[in-house]
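The values are calculated or read from the model by the stated rules, or taken from the named source; none is laboratory data. All values reported here derive from a predicted model rather than from experimental measurement. We place every Cβ from the backbone using ideal geometry, glycine too, and count neighbours over all the protein chains shown.
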Amino acid sequence: MSDKLKLAVIIGTTREGRWGPVPAKWIAEIAAQHGEFEVDLIDLLDADLPQHLTEQDMWATEGDPSAQVAALSERLHRADAFVVVTGEYNMSIPAALKHAIDYYMNEWAAKPVALVTYGGKITGGQHAAQHLRQVFPELRTLTIRNSIAFPRFYQHFNENGEFTKFADEEPAAKNMLDELGWWGRALSEAREATPMPAPF
Ligand SMILES: Cc1cc2nc3c(=O)[nH]c(=O)nc-3n(C[C@H](O)[C@H](O)[C@H](O)COP(=O)(O)O)c2cc1C
């Protein structure tokens, strides 16, 4: 059995024409080369969760969820750590990402999450990141210190359509993944030693 940490990289935007898969594939590739992680790239568009929370689906591990909800539950459950990649929508996170977070409870618990954000404005999605730092503790999930932000991302493409800022952020990506790996391992051992108390 591989002793690598299982890392889920989550593409948090689902709109037509979205930019999200580009930074998500970038960080997923760096994570795959890092040595510490086995990477699962999760696209919330493919996850295709039902539009409305139902009693049957809520907190999937405790109920009898529908196929899509169960499939994403399994992938989140398997993960020891997460990277959430998201654009900023109206000073916050996209509804699709919040919906996916709200659908689950135990899948997120006692695990670390790193944030990669981007936005049209100079802040690089920092408002979205701050909202995630407010939301995730409610799921008993630790948002780690190091993060990546791409401000005004649309200004940084070359004539071949390639994003030119990735190389600048590679050292920060390595720092972020080093920290995520440390927390991932520490919390994985802690979960094994002592089950997380029930939330309610
Ligand atoms: C509905 C909507 C609201 C947005 N609000 C903000 C914002 O508050 N701050 C910002 O920096 N960019 C904002 N933007 C720009 C997005 O961050 C940018 O388009 C980004 O590419 C969105 O991610 P996506 O391409 O993966 O969907 C907004 C875009 C949309 C579609």
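Here are the numbers for this structure:
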| quantity | calculated |
| --- | --- |
| Unmet requirement for PHE157, which otherwise passes all of (1) modelled with pLDDT of 95 or more; (2) within 13 Å of the ligand (Cβ to nearest atom); (3) in contact with a Phe, Trp or Tyr (Cβ under 7 Å, 6 or more places away or on another chain) | (1) |
| Hits in region 126-146 - residues which are more than 17 Å from TRP26 (Cα to Cα) and either hydrophobic (A, V, I, L, M, F, W, C) or outside any helix (DSSP H, G or I) (or both) | ALA128, ALA129, LEU132, VAL135, PHE136, LEU139, ARG140, THR141, LEU142, THR143, ILE144, ARG145 |
| Criterion (within 12 Å of the ligand (Cβ to nearest atom), under 27 Å from GLU169 (Cβ atoms) and within 16 Å of the chain's Cα centre (by Cα)) met by exactly one of GLY120, GLY125 | GLY125 |
| Condition met for THR86 (β-branched (Val, Ile, Thr) and farther than 29 Å from PHE157 by Cα) | no |
| Unique residue being away from the ligand (no atom under 16 Å from the Cβ), crowded, with 23+ Cβ neighbours inside 10 Å and under 20 Å from ALA167 (Cα atoms) when the list is ALA24, ALA114, ALA32 | ALA114 |
| Of all residues making up region 131-165, the number that are within 21 Å of SER92 (Cβ to Cβ) and small (Gly, Ala, Ser) | 2 |
| Residue pairs meeting the criteria (Cβ under 6 Å; at least 6 apart or on separate chains; first within 15 Å of the ligand (Cβ to nearest atom), in region 78-101; second hydroxyl-bearing (Ser, Thr, Tyr) and in a strand (DSSP E or B)) | THR86/THR117; GLY87/TYR118; ILE93/THR86; LEU97/THR86 |
| Which numbered condition PHE153 misses (of (1) touching a residue at least 60 places away in the same chain (Cβ under 8 Å); (2) surrounded by 22 or more Cβ atoms within 10 Å (Cβ to Cβ)) | (2) |
| Identity of the residue in region 52-77, charged (D, E, K, R) and over 30 Å from GLN126 (Cβ atoms), that ends up modelled with the highest pLDDT | GLU74 |
